[in-house]
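Structure first, commentary second.
The values are calculated or read from the model by the stated rules, or taken from the named source; none is laboratory data. This structure is a prediction, so every number in the text was calculated from the model and none was measured. Here the Cβ is made from the backbone with ideal geometry for all residues, glycine too, and neighbour counts use every protein chain on show.
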Amino acid sequence: MLRRVLIIGKNESFIVKGMEMKLEEINVSWRFSPAKIKSLEDMGEYADIYVLYMDETIEATPDVLVYINDLCKEVDRKIFLIGTKTECANAGKYISEGAVEESFERPVDMKVLVERIEDYLDEAAIEARKKSILIVDDDVTYMRVIMEWLKDDYRVSMVNSGVQAIAWLAKNKADLILLDYEMPVTPGPQVLEMLHSEAFTDSIPVMFLTGKSDRQSIVNVLSLHPADYLLKSIDRKGLKEKLDNFFMMKRI
């Protein structure tokens, strides 16, 4: 992951230029975008974090704030928000709380702001180096258990159908898919066919999750040539060992 910041504001004010200089001092790349949808369309995916410098002009253009909020969801980005208490509160009408990493009241302490940006980028870089696992299962409770078991060592995402898996993979990268064999509507084997039919998912290794351990069921699973299969009764230690060994062998 590169260390890139997109600064969004009315214009490159004296404060914004000071921020840009401070970012250069810590080897963080930056770009400035005026708070206009056209400009954000061109530069929205450039950065790893957005810095939104509020003022009365941006406050009066809710369509821009809505677009920034949607952009954060679409490309999985966070915002450092700068403004008065009133401006930040008004921004909160259009930008979801989950999209805002941290808020800073003007006048902002530039040293503290840049330190927090650097900390965030360093943490994000560590997270980005983790292998990405997508779980596809109609049992949300089960997926949450698996996510809790793996979240410290892997980046884990969840979807509850094959269609959602394809949609997620169209925008995100997975190093491994854990796929429920016995889902209703679109069972695991059919989802695997869907994955193999798309160029952007064909090469992603798939491990089946199955609740059945009898010989015939296992033969049926293995006949589809998955990377492996996991019994849903597997415990935390066993699952972790399976996945760690899988990724270790991939490196050899």
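Structure data summary
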{"item": "In region 217-238, the residues that are surrounded by 15 or more Cβ atoms within 10 Å (Cβ to Cβ) and basic (Lys, Arg)", "result": "Lys232"}
{"item": "Entirely in region 7-71, the helices (runs of 4 or more DSSP H) that have 3 or more residues that are closer than 24 Å to Glu105 by Cβ", "result": "14-25, 56-59"}
{"item": "Residue match in region 119-138 (condition: closer than 30 Å to Glu24 by Cβ and in a loop (DSSP other than H, G, I, E, B))", "result": "yes"}
{"item": "Region 1-17, subset β-branched (Val, Ile, Thr) and under 24 Å from the mean Cα position of the chain (by Cα), residue surrounded by the fewest Cβ atoms within 10 Å (Cβ to Cβ)", "result": "Ile7"}
{"item": "Members of region 83-110 that are of a type in the set (Ser, Thr, Tyr) and assigned to a loop (DSSP other than H, G, I, E, B)", "result": "Thr84, Tyr94, Ser96"}
{"item": "Pro184 being out of contact with any Cys (no Cβ under 6 Å at 6 or more places or on another chain), free of Cβ contacts under 8 Å to residues at least 60 places away in the same chain, farther than 27 Å from Ala128 by Cβ and not assigned by TED's automatic domain parsing to the domain that holds Lys73", "result": "yes"}
{"item": "Enumeration of residues in region 18-51 that are more than 25 Å from the chain's Cα centre (by Cα) and aliphatic (A, V, I, L, M)", "result": "Met19, Met21"}
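Yes/no matrix, rows are residues, columns are (1) touching an Asp or Glu at 6+ places or on another chain (Cβ under 8 Å); (2) touching a residue at least 40 places away in the same chain (Cβ under 8 Å):
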| site | (1), (2) |
| --- | --- |
| Glu74 | no, yes |
| Glu127 | no, no |
| Val145 | no, no |
| Ser161 | yes, no |
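Yes/no per residue for (1) over 30 Å from Tyr181 (Cβ atoms); (2) free of Cβ contacts under 8 Å to residues at least 40 places away in the same chain:
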{"residue": "Gly98", "(1), (2)": "yes, yes"}
{"residue": "Lys111", "(1), (2)": "yes, no"}
{"residue": "Glu115", "(1), (2)": "yes, yes"}
{"residue": "Val156", "(1), (2)": "no, yes"}
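Here is a yes/no grid of residues against (1) under 19 Å from Val16 (Cβ atoms); (2) buried (at least 18 other Cβ atoms within 10 Å of the Cβ); (3) in contact with a Leu (Cβ under 6 Å, 6 or more places away or on another chain); (4) at pLDDT 90 or above:
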site: Asp70; (1), (2), (3), (4): no, no, no, yes
site: Thr84; (1), (2), (3), (4): yes, no, no, yes
site: Glu87; (1), (2), (3), (4): yes, yes, no, yes
site: Gly92; (1), (2), (3), (4): no, no, no, yes
site: Lys111; (1), (2), (3), (4): yes, no, no, yes
